[in-house]
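Down below is the structure, laid out as structure tokens.
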Amino acid sequence: KNRVTESHILSETAKAFGIEQWPIAAIKSYVGHSISAAAADQLATSLGIWEYGVLPGITTIDHIADDVHSDNLDILMQHKQLDPLAIDAAILNSKGFGGNNASASILAPHQVSSMLEKRHGAAALTAYARANESVREIAQEYDEQSVRGLVKPTYRFGENVKGEDDVTVSASEVRIAGYDEPISLAMENPYLDPES
């Protein structure tokens with residue numbers, strides 16, 4: 001049912017703002033329903049689109065269902081090559097269980113750079129870019145090593161976890177090993193009659 005109502009919202013929004021062929025992708029078709037991480041999946045994909053200029057198509061389907069609203073929408077079934085500078089913003093959309101819908105507008109990196117330049121000046125942006133070069137090189141090297149399978153996952157399950165012997169509970173406070181101050185439980189209950 002979500003595809004019907006969500007596509008209707010997108011179609012009507014496109015009509016209202018004069019968008020003739022609004023490109024629609026579905027990251028979920030690649031990663032499944034990641035629930036709470038869905039927005040991060042969409043954000044990472046949007047940044048990748050601006051980096052590489054490829055809008056991913058919904059290649060897991062062979063047709064658009066008849067009940068999906070498609071007026072003014074370009075529901076991509078194949079990848080679409082595009083000029084990253086031609087897209088100024090992306091809208092991340094998540095329709096949750098119970099009909100709750102949340103959308104976030106994300107500005108393109110070139111838009112953000114333009115805004116920062118207007119606010120701080122070209123010299124400040126150039127200085128920032130120079131200072132950031134070593135960070136970019138380290139990130140690029142890490143990315144290349146990750147792609148080649150040379151980076152091992154960081155697994156920290158159970159590290160720095162307090163055990164049952166590290167917590168002491170009394171009627172007046174909770175003490176946790178490694179912390180000097182206790183958590184005080186001494187407080188007045190405004191709902192109790194002070195005379196009782």
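The values are calculated or read from the model by the stated rules, or taken from the named source; none is laboratory data. This is a predicted model, so every value here is computed, not measured. So basically every Cβ, Gly included, is an ideal-geometry build from the backbone, and we count neighbours across all protein chains shown. Note: accessible area is taken over every heavy atom of the protein model, side chains too, but ligands, DNA and RNA are not part of it. Shrake-Rupley method; radii C 1.70, N 1.55, O 1.52, S 1.80 Å.
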- prompt: Residue check, residue 91 against (1) modelled with pLDDT under 90; (2) over 21 Å from the mean Cα position of the chain (by Cα), all met but one. Which one?
  reply: (2)
- prompt: Considering only helices (runs of 4 or more DSSP H) fully contained in region 1-111, which possess at least 1 residues that are surrounded by 13 or more Cβ atoms within 10 Å (Cβ to Cβ) and touching a residue at least 40 places away in the same chain (Cβ under 8 Å)?
  reply: 2-16, 38-52
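Only one residue in 33, 8, 79 is modelled with pLDDT of 90 or more and farther than 30 Å from residue 115 by Cβ, so which one is that?
8
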Condition check for residue 61: under 23 Å from residue 18 (Cβ atoms) and not small (Gly, Ala, Ser): no
task: Find the residue count for region 137-166, including only residues that are open to solvent by 70 Å² or more (accessible area, probe 1.4 Å) and either under 30 Å from residue 179 (Cα atoms) or not in a helix (DSSP H, G or I) (or both).
output: 14
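Looking only at region 172-196, which residues are open to solvent by 100 Å² or more (accessible area, probe 1.4 Å) and either part of a loop (DSSP other than H, G, I, E, B) or aliphatic (A, V, I, L, M) (or both)?
Of all residues in region 172-196, those open to solvent by 100 Å² or more (accessible area, probe 1.4 Å) come to 175, 179-181, 187-188, 190-192, 194-196.
Across region 172-196, the qualifying residues are 179, 180, 181, 187, 188, 190, 191, 192, 194, 195, 196.
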